[in-house]
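What follows is one structure encoded as structure tokens, with my remarks underneath.
What follows is calculated from the coordinates using simple rules that are stated; it is not laboratory data. Keep in mind that what you see is a predicted model, and the values were worked out from it rather than measured. Every residue, glycine among them, receives a Cβ derived from its backbone with ideal geometry; neighbour counts consider all protein chains shown.
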């Protein structure tokens, strides 16, 4: 079913919705060096243990995305998922270089399948040698402080750049590192965390960019915002790279009761949008303030895209949709595209396991029609 047919059949009417003027969108889009892509994150290679991965994207899924009007997918990869090593032990620094060709070919096949439906693919190292925003896999070193880790990081990006050497930047981009931060203990999820010092982040971006563009000077590179994607990186504005923000603010809405994001998940204030939640009033105004630096970055000639956004399934659905409408409206009206975390799963348009949604049966999948319609609007 194509986008217009879907909208017609589901009774979606744009009139009365908060849609920015076409002129404003056009002006913002002209400023943004990155296309206003919209789409989904795909978690096929998200787990360090490739055998344990439960997500499988099919060609039919890509067809649905394209028919619904989406043009972008992001592949957050864990580098161990495409390595050969003894998984009964902690990985060693030497084993980080042991590429599993069969696993790499599976990733390449997924990329090419997406390209068949004119979807831009953004490859991302969600877990890189020496860093991941999540713990759960023992890293042999620290990406920010240990040169062997940075060397391995550049090796992996050179490998991917070489693999897609002849693919146009219109079809593929390289999102260097998911949600960077400087954590005291790389293998302790709850250890103290701060933003990465600007000079350290710049060094990583410069060296990784060189390793990628050594294969193709036209390769498109995107860099996630500092402090787990939340902050603009002024130290790299002069570099020929885009920057990626997040659509998770405030966390009490997007990650309500998420055990990996909150130390305490009991006795939380009930989420509302807009409304008083705990000691703060949540509103569109706070979102406008949050995204102002990113919008200003577009005005400075830097490409900006929102690489991840969405809401875990414990937030009431009506609250989620009200908040998400404001997020997407602010991004879209400033020419910034977005990518939902995820396509199918707890955050997704399919099979989110929410208890307060009237799902539509979609070829055997449980489709959140209201969420899909909202995303299609932008």
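Quick notes on this structure:
- Between helix 101-115 and the chain: long-axis angle, C-alpha atoms, 0 to 90°, nearest 10: 30
- Seen against the Cα atoms of the chain and their longest principal axis, helix 284-299 is set at about 50 degrees.
- Each of 311, 154, 306 was scored by other Cβ atoms within 10 Å of its Cβ. Listed from fewest to most, they are 154, 306, 311.
- Computed label-point distance, nm, for sites residue 270 and residue 135 using a 7 Å Cα→Cβ extension: 3.5
- Förster radius 45 Å - calculated FRET efficiency between residue 101 and residue 318 (Cβ-Cβ, nearest 0.05): 0.40
- 20 °C / 1.002 mPa s Stokes-Einstein diffusion coefficient of region 109-253, Kirkwood radius on C-alpha pairs, µm²/s: 136
- In units of the compact-protein estimate 2.2 N^0.38 Å, the chain shows a Cα radius of gyration of 0.95.
- Gain upon complete extension [residue 33, residue 166; 0.36 nm per residue less C-alpha separation]: 45.7 nm
- Burial ordering of 305, 61, fewest other beta-carbon atoms within 10 Å first: 61, 305
- Full-extension gain in nm, residue 296 to residue 116, via 0.36 nm per residue minus C-alpha separation: 61.3 nm
- Remark on region 279-351: Rg and Dmax equal 13.4, 40 Å (Cα only).
- The ranking of 366, 289 by Cβ neighbour count inside 10 Å, starting from the fewest, reads 289, 366.
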